[in-house]
Amino acid sequence: MKKIQFERAGLEVSNMCLGTMMFGTQVPVDVAEAELDLFLDMGGTFIDTSNNYAHWMPGASGDESEVLLGNWLAKRGCRDKIVLASKVGYDRHGEHQGLKASQIEYWCDESLRKLKTDYLDLYYAHVDDMDTPLEETMEAFDKLVKKGKVRALGVSNYYTWRICEAKHIAKANGYTDFTVNQPQYSFLYTKSGRASSTPLNLNAEDERLAYLKANNMPMVSYSCLAGGGYDDESRLPDKYVKDGRWDLLQKTAKELGLAPSELVLAWLMNSDKLPDRPTIVPLVASSRLAHLEKNLKMSEYELDVELMKTLCYSKF
Ligand SMILES: NC(=O)c1ccc[n+]([C@@H]2O[C@H](COP(=O)([O-])OP(=O)(O)OC[C@H]3O[C@@H](n4cnc5c(N)ncnc54)[C@H](OP(=O)(O)O)[C@@H]3O)[C@@H](O)[C@H]2O)c1
């Protein structure tokens, strides 16, 4: 698989990131471990988890994904080959988990314990906590970097103006900045006023893409395959707008001999060929080994600039 640099974070990552949200709950341990082995064998290095995955599943604690990953890393002895990302700040068991200094400190130690490691390569603020001063949050994250528990910081589910505020606070105080963004982003737009009314599940729009490009900040895009809806329309969540972009995607995929989901992955990974688009690493997640293998094979697929322009800028 292709490797790319996250320059400001000082990380080299595979250009696809393995999403493990459902590992140990919906995806049984044996299948999850087979997916991790396949990912590693195919040259994948970048793995995404969180301190709360997947607490909403029946009977789950929210520790399942990190615990499974920790066991796998220990069994395979491959921690040094992996760029490991986790998150803090989202709900667990319906309790709000914010981004106060005490919460960041506590949950980082918990993630390290569950993952059986003494550092995270990338630690994300999972969702904005507007009740805690951003200064407190940034200082707490910075302390983790200074202690060597975390190598780089990322931000997920924040408005662009809040990412900007965080950047200014970090700069003014000499704190480590957020250098990677993980928003929801896919080929189809979402209906306005639904997914975008709060920073939770806020779909990245053109303004965000331009901001990230201008700040040399890569995007790790979640829900990029729209729940499997590109290849099986019955799975497409209601929040997506099925306008001319849907037809463009289906038509172009057919012309290229690709499945629509494969074209979406290629389109994301070719984004930075355009002057206003950042580097984008798709988060790939599946409960089926065959789907994962198909996805990972797209890692080096090239789309030419003219086609990228058509896919990005066509208006409907
Ligand atoms: N930061 C955040 O707030 C946040 C939120 C959500 C998710 N995430 C991260 O992003 C990852 C992905 O999230 P998501 O589940 O929402 O992603 P998604 O890309 O919208 O959907 C994944 C679904 O796509 C289907 N799929 C995958 N490959 C396919 C293929 N080749 N052909 C057809 N269908 C395919 C899978 O179905 P099958 O199982 O049938 O293959 C799976 O259910 C998570 O694991 C997590 O790491 C982060």
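Taking only the alpha carbons of the range 1-112, what extent do you get along each of the three principal axes, in Å, biggest first?
Principal extents (Cα only, largest first): 39, 35, 21 Å.
Using a basic spin-label model with each label point 7 Å from the Cα along Cα→Cβ, how many nm lie between GLN26 and MET57?
About 0.9 nm separates the two model spin labels.
For the range 74-118 and the range 211-280, write down the distance between their C-alpha centroids in whole Å.
Cα centres, the range 74-118 to the range 211-280: 29 Å.
What ranking of VAL145, VAL13, VAL127 emerges when the number of other C-beta atoms within 10 Å of each C-beta is taken as an exposure proxy, fewest first?
Result, fewest neighbours first: VAL145, VAL127, VAL13.
Given contacts defined as C-alpha pairs under 8 Å and at least six residues apart, what's the relative contact order of the range 1-107, whole-number percent?
24
Hey, got the Cα dimensions of the chain along the principal axes, in Å, largest first?
Taking the Cα atoms of the chain, the three principal extents are 52, 44, 35 Å.
Explain nothing, just the number: relative contact order of the range 108-169, from Cα pairs under 8 Å at least 6 residues apart, as a whole percent.
43
Rounded to whole Å and ordered largest first, report the semi-axes of the equivalent ellipsoid of the range 112-257 derived from its Cα gyration tensor (root of 5λ).
After scaling each eigenvalue by five and taking roots: 33, 17, 14 Å.
At 222 nm, what value in deg cm²/dmol follows for the chain if DSSP H runs of at least 4 each add -39500 (n - 2.57) and the sum is divided by all its residues, to the nearest 500?
One gets -11500 deg cm²/dmol as the mean residue ellipticity at 222 nm.
Can you give the relative contact order of the range 218-316 as a percent, counting alpha carbon pairs under 8 Å and 6+ residues apart?
The value is 33 percent.
Evaluate the distance, in nm, between pseudo-label points positioned 7 Å from the Cα of TYR301 and of MET130 along their respective Cα→Cβ axes.
Modelled inter-label distance: 3.9 nm.
Restricting attention to the range 22-60, which chymotrypsin sites (Phe, Trp or Tyr not before Pro) occupy a DSSP loop and are surrounded by at most 15 other Cβ atoms within 10 Å?
For chymotrypsin sites (Phe, Trp or Tyr not before Pro) across the range 22-60 that sit outside H, G, I, E and B with at most 15 neighbouring Cβ atoms in 10 Å, the list reads TRP56.
Within 10 Å of each candidate Cβ there may be at most 13 other Cβ atoms; applying that plus a DSSP loop requirement, which GluC sites (Glu not before Pro) in the range 203-267 survive?
Of the GluC sites (Glu not before Pro), not one in the loops of the range 203-267 has a Cβ with at most 13 other Cβ atoms within 10 Å.
With a point put 7 Å past each Cα toward its Cβ, work out how far ARG113 is from CYS78 in nm, to one decimal.
2.7
Whole-Hz Karplus ³J(HN,Hα) for the range 270-281, in order, using 6.51 cos²θ - 1.76 cosθ + 1.60 and θ = phi - 60°, x for Gly and Pro?
So the Karplus estimates, Gly and Pro as x, are 9, 3, 6, 6, 9, x, 10, 10, x, 5, 10, 10 Hz.
In what order do MET269, MET21 fall by count of nearby beta-carbon atoms within 10 Å, going from fewest to most?
MET21, MET269
Rule-based calculations on the coordinates, nothing more; no lab input. Computed from a predicted structure; not experimentally measured. No Cβ is skipped: glycine too gets one built from the backbone with ideal geometry, and neighbour counts run over all protein chains shown.
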